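Worksheet for the structure shown next.
The values are calculated or read from the model by the stated rules, or taken from the named source; none is laboratory data. Values in this document were obtained by computation on a predicted structure and should not be read as measured data. Cβ sites come from the backbone with ideal geometry, for glycine too, and all protein chains shown count toward neighbours. Heads up: the accessible areas ignore ligands, DNA and RNA and are worked out on the full protein's heavy atoms, side chains in. Shrake-Rupley method; radii C 1.70, N 1.55, O 1.52, S 1.80 Å.
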Amino acid sequence: MAYKILILGASYGSLLGTKLAMAGHDVDLVCRQATADLINAEGTEVRIKLKGEDAHRAIFSRDLPGKVGALTPEEVDPGQYDMVGLAMQEPLYGALRELMGKIAAAHVP
């Protein structure tokens with residue numbers, strides 16, 4: 001069963017979101033407008049070195065079974081998600097104060 005997952009933060013969140021998309025889940029990353037536009041146009045690229053491999057491997061979200069998209073905080077409807085994850089730096093929390101209240105009201109884990 002595929003889940004719809006919201007991740008607050010696109011920098012740290014892109015690694016987690018990409019891994020979830022590899023498993024077939026659909027992920028939306030919450031970020032600033034310019035970053036959302038770039039992710040929605042080109043997808044994400046994560047480079048990781050897997051155990052036993054000598055070189056890093058590039059993983060592109062456009063090639064995965066799940067989808068990775070991006071939204072600004074104002075565009076998010078928390079009730080549309082099965083789970084929410086926090087993957088951002090603490091200084092940015094203030095920008096999400098209103099969204100955090102909406103997530104709490106939606107009772108989304």
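Need a quick list: strands (runs of 3 or more DSSP E) entirely within region 17-78 having at least 2 residues that are open to solvent by 60 Å² or more (accessible area, probe 1.4 Å) and either among the charged types (D, E, K, R) or at positive phi (or both).
Working: elements: 26-30, 45-48, 57-60, 68-71.
In region 17-78, the matching strands (runs of 3 or more DSSP E) lie at 45-48.
Select, from Ala95, Ala105, the only residue that is farther than 24 Å from Glu42 by Cβ and part of a helix (DSSP H, G or I). Talk me through it step by step, then tell me what you get.
Working: Ala95 fails: farther than 24 Å from Glu42 by Cβ.
None of the other options fit; the residue is Ala105.
Does Val108 qualify as being modelled with pLDDT of 95 or more, of a type in the set (Val, Ile, Thr) and open to solvent by less than 50 Å² (accessible area, probe 1.4 Å)?
Against the criterion (modelled with pLDDT of 95 or more, of a type in the set (Val, Ile, Thr) and open to solvent by less than 50 Å² (accessible area, probe 1.4 Å)), Val108 does not qualify.
Would you be able to tell me the number of residues in region 79-96 that are open to solvent by 40 Å² or more (accessible area, probe 1.4 Å) and either touching a residue at least 24 places away in the same chain (Cβ under 8 Å) or farther than 19 Å from Ser11 by Cα (or both)?
Residues in region 79-96 being open to solvent by 40 Å² or more (accessible area, probe 1.4 Å) and either touching a residue at least 24 places away in the same chain (Cβ under 8 Å) or farther than 19 Å from Ser11 by Cα (or both): 7 in total.
Given the conditions (1) part of a loop (DSSP other than H, G, I, E, B); (2) surrounded by fewer than 20 Cβ atoms within 10 Å (Cβ to Cβ); (3) touching a helix residue (DSSP H, G or I) at 6+ places or on another chain (Cβ under 6 Å), report the number of the one that Ala10 does not fulfil.
(2)
Can you tell me how many residues in region 79-92 are part of a helix (DSSP H, G or I) and either touching a Pro at 6+ places or on another chain (Cβ under 7 Å) or modelled with pLDDT under 95 (or both)? Before you say what the answer is, go through the steps one by one.
Of the residues in region 79-92, the ones part of a helix (DSSP H, G or I) are 79-80, 90-92.
Pick out the ones that are also either touching a Pro at 6+ places or on another chain (Cβ under 7 Å) or modelled with pLDDT under 95 (or both) and you get 90-92.
Number satisfying all stated conditions: 3.
Conditions (1) modelled with pLDDT of 95 or more; (2) among the aliphatic types (A, V, I, L, M); (3) over 19 Å from Gln89 (Cα atoms); (4) touching a strand residue (DSSP E or B) at 6+ places or on another chain (Cβ under 8 Å), marked per residue:
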position: Met1; (1), (2), (3), (4): no, yes, yes, no
position: Leu6; (1), (2), (3), (4): yes, yes, no, yes
position: Asp26; (1), (2), (3), (4): yes, no, yes, yes
position: Cys31; (1), (2), (3), (4): no, no, no, yes
position: Gly52; (1), (2), (3), (4): no, no, yes, no
position: Asp63; (1), (2), (3), (4): yes, no, yes, no
position: Ala70; (1), (2), (3), (4): yes, yes, no, yes
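Would you point out the residue of region 65-107, among those that are hydroxyl-bearing (Ser, Thr, Tyr) and within 15 Å of the chain's Cα centre (by Cα), that is nearest to Gln33 (Cα to Cα)?
So in region 65-107, the residues hydroxyl-bearing (Ser, Thr, Tyr) come out as 72, 81, 93.
Next, only the ones that are within 15 Å of the chain's Cα centre (by Cα) stay: 72, 81.
Details: Thr72: 6, Tyr81: 20 Å.
Checked region 65-107; the qualifying residue nearest to Gln33 (Cα to Cα) is Thr72.
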